[in-house]
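Notes follow once the structure below has been shown.
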Amino acid sequence: FLTHSPFHDFTVSIVNKEHYITTRVPDFNISDEMYHIKICVPSKVTLLAQTPWQNKQMPMAYVKEYGKGRVAYLANGHDLRAWKNPEFQKLLIRSIAWSTGAEKAVKKVWCGILGFGGMASGHARWITGTEGLELVAVCDISPERIEAAKHTCPGLKGYFTDIEDMLVMDGLDLVVVVLPHNLHAPMALKCLEAGKHVIVEKPFCITVDEADSMINKAREKNVMLSVFHNRRWDTDYRIIMDLIDRGVIGEVFHIECFIGGYGHPGFGWRSNKEVSGGIIYDWGAHFLDWILNIIRSEVKQVMGNFQKKIWYSVTNEDHGQVYILFENGVTADLMVSNMAASKRPQWRILGTKGSIEADWTDEIHVISYAFGVKQDYKVKFEQVKDRWAGYYRNIADHLLMGEELIVKPEEARTVIAVIEAAQKSSELGMSVPLQ
């Protein structure tokens, strides 16, 4: 140890991506004091992470063998704010496991994709880009899509047009279900019954009964079940969560969300209510997942309003609105519409000390009275490239290292329960409790 610099922001760069402690950990920004150290005998240590400091690289993490034991050194963790950083938390927990010899054996999780439509190539890219995961198979009933898969994902161990053939493939561990909404539950149940871990594209399914069937089957078979709520990794959402967590707008008491406009929704399957579930199930599932993660309280009552007024050439509703009352008194209002000639912002979040507003741009408008004087400013940001790969890093960390699953099926079930309650409410003309 040489000295330490004052509290400031800096970037920790991972230089060894193969070690147990740092595998799948991206470079990350952290706010902390920086402890300066000098490695006296570099040949006896394995450097894991570093940061640039005054024209040189300062070690941030290293490991070494020491007699019959092991030593893991982390230079971060000297300020409480650093301990809240999820990447630092991951390094710390893994360092303890490695130092005590409790690390889990690392292997590959063999993955298959069921359905090679519009989102499948993205899933293929995120899987192949994640250390510890390997894409080995694709299944689609369309021979044309299988040919497309062979072009996009060459050299896989199997290309199938029958799910039963893929499920008996030797070594297959996990199946990603990338199909229209009404097929999520029946196909996921087939995969779970075969003892496979399953990821389902959002939305989880269409009904709560379907959600319960999948959750129960996963428990019975002792396999993982998760839903691709990838937009938890969106930069704007993460900034909004950080602003709220830091108390910049005080205690949140109301949220409004909107997506839509005025125009025909098109003739794809997403406009077919029997297949899609309805207007709320697509983007609405993302918004509800966001809202439920911001307001950590049980849902008390749901009111829905669905209208069919203009676009009779498709079966989805033209307009859907979901109102939520939480047990802690917070309210939320989600609108998804294809007949809203006048729009409202994507986000409007009201707190006891200010507000947050965002509208599909690269900036977030903040008004805050949290520090005794009005502050009115905009937070500029850039979306992190390939940010949704973070979902798959967590899947690998969960399956290979026993780390906590971020998107749990029970959370995705609540999204479906809110939508189903909103539809029931709209039919009854009154608010209803959550199932």
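Okay, here's what the table says:
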read-out	value
Search result, residues across segment 179-210 that are in a helix (DSSP H, G or I), in contact with a strand residue (DSSP E or B) (Cβ under 6 Å, 6 or more places away or on another chain) and surrounded by 24 or more Cβ atoms within 10 Å (Cβ to Cβ)	His184, Ala188, Cys191, Leu192
Single match in Asp236, Asp165, Asp242 (criterion: closer than 21 Å to Asp282 by Cα and in a helix (DSSP H, G or I))	Asp236
Residue check, Gly117 in a loop (DSSP other than H, G, I, E, B), modelled with pLDDT under 95 and under 27 Å from the mean Cα position of the chain (by Cα)	yes
Condition check for Ser213: part of a strand (DSSP E or B) and polar (S, T, N, Q)	no
Unmet criterion (only one of (1) buried (at least 16 other Cβ atoms within 10 Å of the Cβ); (2) closer than 22 Å to Asp282 by Cβ; (3) among the small types (Gly, Ala, Ser)) for Ala341	(1)
Cβ-Cβ under 7 Å pairs, at least 6 apart or on other chains, segment 256-267 side farther than 16 Å from Tyr323 by Cβ, far side loosely packed, with under 13 Cβ neighbours inside 10 Å	Tyr262/Ala341
Members of segment 1-43 found to be assigned to a loop (DSSP other than H, G, I, E, B), among the charged types (D, E, K, R) and surrounded by 14 or more Cβ atoms within 10 Å (Cβ to Cβ), listed by number	Arg24
Failed criterion for Asp170 (all others in (1) within 27 Å of Gly284 (Cα to Cα); (2) among the charged types (D, E, K, R); (3) surrounded by fewer than 16 Cβ atoms within 10 Å (Cβ to Cβ) hold)	(1)
Filtered residues of segment 158-178 (kept if farther than 10 Å from Ile113 by Cα and touching a residue at least 60 places away in the same chain (Cβ under 8 Å))	Gly171, Leu172, Asp173
Sole residue being of a type in the set (A, V, I, L, M, F, W, C) and surrounded by fewer than 18 Cβ atoms within 10 Å (Cβ to Cβ), chosen from Leu400, Leu434	Leu434
Candidate set: segment 392-435, residues that are among the polar types (S, T, N, Q) and part of a loop (DSSP other than H, G, I, E, B); chosen: the one farthest from the chain's Cα centre (by Cα)	Ser431
Val275 being of a type in the set (A, V, I, L, M), assigned by TED's automatic domain parsing to the domain that holds Tyr237, modelled with pLDDT of 95 or more and touching a His at 6+ places or on another chain (Cβ under 9 Å)	yes
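One line per residue, one yes/no per condition, for (1) out of contact with any Ser or Thr (no Cβ under 9 Å at 6 or more places or on another chain); (2) at positive phi; (3) aliphatic (A, V, I, L, M):
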| position | (1), (2), (3) |
| --- | --- |
| Ser5 | yes, no, no |
| Ser13 | no, no, no |
| Val25 | yes, no, yes |
| His78 | yes, no, no |
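Yes/no matrix, rows are residues, columns are (1) under 25 Å from Gln301 (Cα atoms); (2) surrounded by fewer than 19 Cβ atoms within 10 Å (Cβ to Cβ); (3) modelled with pLDDT of 95 or more; (4) in contact with a Leu (Cβ under 6 Å, 6 or more places away or on another chain):
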| position | (1), (2), (3), (4) |
| --- | --- |
| Gly320 | yes, no, yes, no |
| Tyr323 | yes, yes, yes, no |
| Lys353 | no, yes, yes, no |
| Asp359 | no, yes, yes, no |
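The values are calculated or read from the model by the stated rules, or taken from the named source; none is laboratory data. Note that the coordinates shown come from a computational prediction; the quantities given were computed from them, not determined experimentally. Cβ atoms come from the backbone with ideal geometry, glycine included; neighbour counts cover every protein chain shown.
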